[in-house]
2 protein chains.
Amino acid sequence: MLADKNEQRTSIEELGEFGLIKHLTKDFELNHKSTLKGIGDDAAVLDFKSKKTVVSTDLLVEGVHFDLSYMPLKHLGYKSVVVNLSDIYAMNANATQITVSLAVSNRFPLEALEEFYAGVAAACKVYGIDLIGGDTTSSTKGMLISITAIGEVDEEKLVYRSGAKENDLLVVTGDIGGAYLGLQILEREKEVFKVNPQNQPDLEPYSYLIERQLKPEARKDIVDLLEKLEVQPTAMIDISDGLSSEILHLCEQSKVGCNLYEEKIPLDPTVISASEEFKMDSTMIALSGGEDYELLFTIAQADFDKIKGNPNLTVIGHMTQQSEGAHLVARNNTKIPITAQGWNSFNAS
Amino acid sequence: MLADKNEQRTSIEELGEFGLIKHLTKDFELNHKSTLKGIGDDAAVLDFKSKKTVVSTDLLVEGVHFDLSYMPLKHLGYKSVVVNLSDIYAMNANATQITVSLAVSNRFPLEALEEFYAGVAAACKVYGIDLIGGDTTSSTKGMLISITAIGEVDEEKLVYRSGAKENDLLVVTGDIGGAYLGLQILEREKEVFKVNPQNQPDLEPYSYLIERQLKPEARKDIVDLLEKLEVQPTAMIDISDGLSSEILHLCEQSKVGCNLYEEKIPLDPTVISASEEFKMDSTMIALSGGEDYELLFTIAQADFDKIKGNPNLTVIGHMTQQSEGAHLVARNNTKIPITAQGWNSFNAS
């Protein structure tokens, strides 16, 4: 599980700042029509014509957001891009470009950064994104990644967090809770490894959960699917901090309440079994786990027939009057107020 | 000189991640017509209509790019924005929006971050920029700032680094070398302070140099001036790493050579006197110092009459055939090859 130490170690000091960024980005191609100029000038130049531009940015810190003892650098590069693209798709937009900035201490050899950029390149390829800029610099400690993602969208297709209406249906994509449990498993194996480095864990039963944590995907396919189904969500957000936190964002910004039905929350069977193993409640994990990067959106009831039966989409609740508040309707039919239990990097650190 | 410790200390953990960014950005107004949606959704939404979009990003690390022992946080906020805007102006574009992300360790109280954002707000006001996004998170050590600046420009006004032609004139704005000497003075006073904290230095004679280091300005006025003068530069870059390094970028990307005349380099009288005090060659400082954030551009000879006599603009050389290389023509008329001596954060650390 733990990444091999690289055999070859080229000091990044040897290349210098300009040489480094040139070296790391030399194989990236520009494919988008909207990219007029990528890396290599004072700024990149883009042309979105009549479309609107969407911009989102994220900062990821070693020891806070990721742990290199079980996160291979290539996966980290991939995931760093994906979590930013997820924000663009959550606007119902098409992600088109990213900038990637990296601060690393001198303990990272060039080969480590190449691994990271190989992951960035893989994500760019899978999602059809142009890398158009970035900065690579030294840090006094550890690794820090800053990514800005850019996308384009026709104005009439834009979806904010604020458009949900009373009686709208609440829909989630895929299944949730897996990424959090993947993290628990990796943390547990790290502790085992510390005690007995010879231990060879069998992680096969947990492969889905670990993949959800180490190599999440953003739901570009859902943006395409919604267009095909001719469904325009009334509000949308991506699930980065956990279902409860995201529901509260939708409710607050749309000025509505919500009933979320516990029995409807889509869970993978391995989420249920691992929850039992960790003696945790699977609903709590779904509500508070985070990092699933699924999309959560609301649609008018009239659109229900268009999404009915689609294996990617699950109706998990409906919006109510704001005065009713946001509640989880439990399996035993009791109503429990939803509180934000999302992940907070300031408490976590 | 050294910033007072804040009297009031509110732990940033108390607010949590969402509360923190909301608190820090609540007084920012959106003024640009191109900003449809700022902070508060998964992504900001912009509308540049028929104009092109320019994007630039920078990462600033405590202990590498700035030293909080003499850099007040408000100045740091201001400078962080300004250095990014400078890249947008270097495209001959109009800067319109920024995102500001911050990673800070728990040693920073809320009041410190408020100071930083007060500087960001001041820069946004002076330059007419909307703050449209960002991320605030904890770091395991120190402070790290990531800024992405966005601008708009009509396609025919865009200026790349690559358009300089043989015989074009090389023009620099303002004067250079001051920011580097300001840094030397601050570093010297820091050492004095370590030995004798009671010492009250008289920094008045150095106020211009210190201001160039602590509160640089980006040359938005030059973009406006060039439009007024009806001068379209053939190539342009901003001076962040030192004149020699920037000249080499223009030469390389435009495939030309350059003669730079030592006697023409604009130096402030305090740059000359402080250079003597530090027993450094003022030309070397201008060539290698960096952080002046002046603009360096080339124009066709036919445009010379339009800029002649303008106190903001100095012709310091001309472009030659690429095969002739890039040279400094010294006061004694000897030709010295220009080499990149720009600031490198990997060597500096």
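Derivation of every value follows stated rules applied to the coordinates shown; laboratory data play no part. Keep in mind that what you see is a predicted model, and the values were worked out from it rather than measured. Glycine gets a Cβ as well: all are built from the backbone with ideal geometry, and neighbour counts include every protein chain shown.
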Problem - Dimensionless Rg over Rh [segment B:169-343; C-alpha; Kirkwood] - result: 1.01
Exercise for the section: For a footprinting-style exposure proxy, rank A:Phe193, A:Phe48, B:Phe304 by other Cβ within 10 Å, fewest first. Expected result: B:Phe304, A:Phe193, A:Phe48
Handout entry: Estimated distance in nm for a label pair at B:Asn199 and A:Lys308, the labels positioned 7 Å out from Cα along Cα-to-Cβ
Key = 8.2 nm
Handout entry: Local net charge near A:Gly317, Cβ-Cβ under 13 Å (Lys/Arg +1, Asp/Glu -1)
Key = -4
Problem - Summed side-chain charge close to B:Lys141 - residues other than B:Lys141 whose Cβ falls under 14 Å, Lys, Arg +1, Asp, Glu -1 - result: +1
Fill in the blank from the handout: So, in nm and shortest first, the distances from A:Val195 to its counterparts in the other copies, with label points 7 Å along Cα→Cβ, work out as 5.6
Practice task
Pop a pseudo-label 7 angstrom from the Cα along the beta-carbon direction at both B:Glu227 and B:Ala330 and give the gap in nm to one decimal.
Solution key: 4.4 nm
Practice task
Return the calculated 222 nm mean residue ellipticity for the protein assembly as shown, to the nearest 500 deg cm²/dmol, obtained by summing -39500 (n - 2.57) across DSSP H runs with n ≥ 4 and dividing by the residue count.
Solution key: -10000 deg cm²/dmol
Completion exercise
Net charge near B:Cys251 (other residues with Cβ under 13 Å of its Cβ; Lys, Arg +1; Asp, Glu -1) is -2
Handout entry: Ascending list, in nanometres, of distances separating the A:Pro311 label from those of the other copies (7 Å, Cα toward Cβ)
Key = 7.4
Exercise for the section: Evaluate 2.2 N^0.38 Å with N set to the residue count of segment A:56-111, then give the Cα radius of gyration divided by it. Expected result: 1.27
Handout entry: Inter-copy spacing of A:Asp154 label points, which lie 7 Å from Cα along Cα→Cβ, given in nm from shortest upward
Key = 2.9
Problem - Expected-Rg normalisation [2.2 N^0.38 Å, Cα atoms] applied to segment B:91-162 - result: 1.37
Fill in the blank from the handout: Going residue by residue through segment A:96-108, the Karplus relation 6.51 cos²θ - 1.76 cosθ + 1.60 with θ = phi - 60° gives ³J(HN,Hα) values, rounded to whole Hz and with x marking Gly or Pro, of 10, 9, 9, 10, 10, 10, 9, 10, 9, 6, 5, 5, 7
Practice task
Give the longest segment of chain A that steers clear of GluC sites (Glu not before Pro) in DSSP loops with at most 16 neighbouring Cβ atoms within 10 Å, not counting the sites themselves.
Solution key: A:30-165
Exercise for the section: Kindly give Rg over Rh for the protein assembly as shown, based on alpha-carbon atoms, with the Kirkwood expression for the hydrodynamic radius. Expected result: 1.00
